[in-house]
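Structure record follows, encoded as C-alpha cells.
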Amino acid sequence: MEYHALHDAPFVFPNDAHPAWSIMIVIYPYITGMVAGAFVVSTMYHVFHREALRPVARLAVVTSLCLGSCATLPLLLHLHQPQRALNVVATPSPSSAMAGFGFIYSFYMLVLLVDVWLLFRPAIVERAHSAPGPWKNVYRALALGVLEITPRAAEIDRKLIHALSVIGIPAACILHGYVGFLFGAIKANPWWSTALMPVIFLTSAVVSGIAVLTLLYLFLCRSSRMEPDEECLRSLSRLLWMFLVLAVTFEFGDLLHVAYEREEEWHVIRELLVTKLRFSYLTLQVLIGALLPLLILPIPAFTRVATPAFRHACTGVAAVLVLVQVAAMRWNVVVGGQLFSKSFRGFVDYPVTWLGREGLLAAAVVLAMPMLLLWGAMKLLPVWPPNPESDSGVKA
Amino acid sequence: MSLFELPILPMSATIAAGGCASGGCVTGGCASGGCSTARPDQASETSRREFLKTATTLTLGAMSLTLLPGAMAGDESSSAATPPGGGHPDAKKPMYGFLIDTTRCTGAGKCLTACRVENSVPEGQARTWVERYVHFKDGRVEVDLVPEIGYAASGEPQPEAEDVLRAYFVPKLCNQCVDAPCNQVCPVHASIKSPEGIELVDADRCIGCGYCVQACPYGIRYMNHETNVADKCNWCYHRVMRNEQPACVEACPTGARVFGRIDDPDSEISKRLATLPTSVLKQHLGTIPLTRYVGLTDEVT
C-alpha cells in the first residue's frame, strides 16, 4: 500500500465524500466519559475514603446519573432509523462490539440508579414526612412507600452503597473503555485502529469527569455564596493533574509510537495532523488543552502560593481547558478519522451545520440537558453532604 | 392505607420492619434462604418469588436465544436464498467469485450506468466505480474516477499523450470478504451472508448506525441518502438468483468483469483463475476477498 501517493493529485473514493458519523458521535463519548469520570470521583470518597472529597461525593454521583440519563440521546439523534434502536438489545449480534452497548449501559445505569437511591434514601424518607403539600407525595413515591429507616436498615444501606460503588468502578471503566474499543477495533482506519484506544478513552473520561465536577462545584458554591472547601479543591486539582498526566502519556505516547516507527499509516496521519487537524489537534488538544493545564494545575494542587481565590481560579481555568482538551480529542478522533478517504490519496471536509438533527444547535441542546436534569435533581435532593452530627449512619 | 404505605418492595419493607434483608432473614433465627417462622403473607410472597424466578428464567432464555449466532439472520437468509434455478434445499450451495481483469478494462463506464439503473443507486453514491491511474513521465501518479458518461462526453481536459508513461483502469465493487468486517460489526444482524457467501444488507433490520460503513476497508458501503439504511454492492444477488449475470458484468463490452461459480471447474471464471495470476485488495487486512484482480499495481488501494 502506497501512502506517499497523498502528495500526488488527491483522489477520494466516491462513498467517502460524506463522513458517516456526525458531531453526535463526538458528543456521545464526551458525555459517556463524564459519566464514568464523575462516578470515579464519587468512589474516591465512598470506596477509597478520601475524606477531602466529601463535599462533592454526592454531587458526583448525581451528576453522573444526570449525564448518564442523556448519554443515549446523541446516539438516537444520529441513527438513521431511530425507531429500530431497541433492536440493539432485542436482536443483538454477538460478533458486534456495538451490540454490547445496550447491556453495558443498562447495567451501569442500574448500579448508578440504585446507588443514588440508597445514598439519598434518608433524605427522601425525611422529606416524605416533612415536605409541604404535593411534594410529600413526590417524596413518598421516591421512597417507594418505605417511610421508615431503622438503624439496621441504615447499616445495610451503607454496606450496599459500598458494594455498589465497588461494582461501579469496573462498570464505569468497562462502559468507557468499551466506547474506546468501538473505535480501536476498526482495522479499516489507521487513525482509530490501536489497542490503546480503550485506555486512551478511559483516562480522558476520568479527566473530563473530574473537570466537569470541579467546575460544577465552583459554580454552585459561587451561585449559593458558599465558600468552596479548600482541601476538596486541592484534592480535585491533584486528581485532575494526575489523570491528565496519564491521559496525555497514553494519547501522545501512542502517536509517538506510530510516528517513530514510521509505518505506512504514519504518512496519512502526519498529513492529517498538519493539514485538517492543525488547529483542533495541535493547538486545542495539545497546547491549550493539555500543556497549559499541566502547568497551571500544580499551583492549586501542590502549593499554597497567593490567595485561596487565586488558587481556586487556577483550578477553574485548568478545568475549563481540560474540558476543551477532551472535547477536541473526541472531535479529532471521531471526525478526524473520517477526514481522509480509504483510498489514502485524499482528504474530505466535514460540513458543520447549525440546524438539523445533527447540527450544532441540537448538539448544544444535548449537552445542556444533563445540566438541566442536574438543576432539577438539586431541587429534589440534597447534594451537599449533611452535617456529621445529623448523619444517620449512611456515609454521605 | 395509602398507596405509598403499601409494601411495594418486600425487601425494603422488611428492612424497615427490622426483619429480613437481601431476600432472607437476618434476625429471629431465620435461615438465609427464607424465614423459619410462618407468616400470614408467606404464601403470597412465595408465589411472587416463584413468579419472579419463572419470569427471569424465561427472559434470560429468550435473550440467550437471540444471542445464538445467526439465530435471527440465519433463518432469514436461508429462506431468502434459494439456489439458482431452484433445486433441492439440501443440495450443495454454489460458490461464486468475481474476477476483474484490469488489462481488459477500457473505462467505457457502461457498468456504472447499468449498476445505477439496476439497483436505483442515488446520485453521489456508488455501488461500483472505475478508477483511472495515469503514470506520468515525471513520476507523478494521478487517479480519478471514470465518469458514467465516458471521458469524451464529459468534456474534462485529458492529459497529453506524450506526457503519459502508462495508464490503466481499475473497477471497484464489493469484495465479498469471507471474513467481512462490515458483517462482524453490525449490531443487529442487518448484515447477513447468503448461503452462497454473498454479503447482503437487510434493509428492514438496519438501524442506520453507520458502523459497517466505517468498518469496510474498501469504502464500498454507504448510507443510502434515499432509504436511510446502509447499502452496498451485492453482486446483483437478485439477478444471480434468477441465473442471470450481475448488471455490470452484462454491460461490460470487453469482458473485464467476470462473474461465475468458482466451484465449477468448467466456468469461465474458474478457467481464468486457473491460468492468470491474480491478487486481492488490501490483503494485509486478512478479510479474504472473493473479488480477485488481474494486473493490480502497488498504487491501487
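Bear in mind that the values in this text are calculations on the coordinates, not laboratory data. All of these numbers come straight from a predicted model, not from anything done at the bench. Methodologically, a virtual Cβ is constructed for each residue, glycine included, from the backbone with ideal geometry; neighbour enumeration extends over all protein chains shown.
Taking the three principal axes of the alpha carbon atoms in chain A, the coordinate ranges are 75, 56, 36 Å, sorted in descending order. Counted over the stretch A:344-390 with a bin width of 5 Å, the fraction of Cα pairs per bin, in whole percents, is 5, 15, 12, 11, 11, 11, 8, 7, 6, 5, 4, 2, 1, 0. Karplus-based coupling profile of the stretch A:324-331, in residue order and whole Hz: 5, 4, 5, 4, 5, 4, 4, 4, with θ = phi - 60° in 6.51 cos²θ - 1.76 cosθ + 1.60 and x standing for Gly or Pro.
Karplus-derived 3J(HN,Hα) values for the stretch A:58-67, using 6.51 cos²θ - 1.76 cosθ + 1.60 with θ = phi - 60°, are 5, 4, 4, 6, 5, 4, 4, 5, 5, 5 Hz; glycine and proline are entered as x. Sorted fewest first by neighbouring Cβ atoms within 10 angstrom, A:27, B:262, A:149 come out as B:262, A:149, A:27. Exposure proxy ranking for B:156, A:251, A:126, based on other Cβ atoms within 10 angstrom of each Cβ and starting from the fewest, stands as B:156, A:126, A:251. Between residue B:106 and residue A:257, the simple label model (points 7 Å from Cα in the Cβ direction) yields a spacing of 5.2 nm. The residue list A:186, A:236, A:204 was ranked by how far each Cα lies along the charge dipole of the stretch A:167-272 toward its positive end, using unit charges on Cβ atoms, and A:236 comes out on top.
Residues whose amide H lies under 5 Å from that of residue B:245, counting only those 5 or more places away or on a different chain, are absent; hydrogens are built 1.01 Å from N in the peptide plane. Checking the cross-link pairs A:342/B:137; A:187/A:276; B:137/B:271; A:342/B:271; A:342/B:110; A:187/B:137 against a 28 Å limit on the alpha carbon distance flags B:137/B:271; A:342/B:271; A:187/B:137 as lying beyond it.
Once backbone amide H atoms are built at 1.01 Å from N, residue B:193 has B:200 as its partners under 5 Å, excluding neighbours fewer than 5 places away on the same chain. Counted by neighbouring Cβ atoms within 10 Å, the residues B:267, A:341, A:130, A:204 run from fewest to most as A:130, B:267, A:341, A:204. Taking only the alpha-carbon positions of the stretch A:1-121 and ignoring solvent, what does the Debye formula give for the base-10 log of I(q)/I(0) at q = 0.11, 0.13, 0.18, 0.20 Å⁻¹? Taken in order of the listed q values, log10 I(q)/I(0) reads -0.55, -0.69, -1.00, -1.12. A simple rule links phi to the HN-Hα coupling: the Karplus curve 6.51 cos²θ - 1.76 cosθ + 1.60 with θ = phi - 60°, which for the stretch A:144-161 gives 6, x, 9, 9, 9, 10, 7, x, 5, 5, 5, 5, 5, 4, 4, 5, 5, 4 Hz, with x for Gly and Pro. Per-residue ellipticity at 222 nm, computed for chain A from helices alone with -39500 (n - 2.57) per DSSP H run of at least four residues, works out to -21000 deg cm²/dmol.
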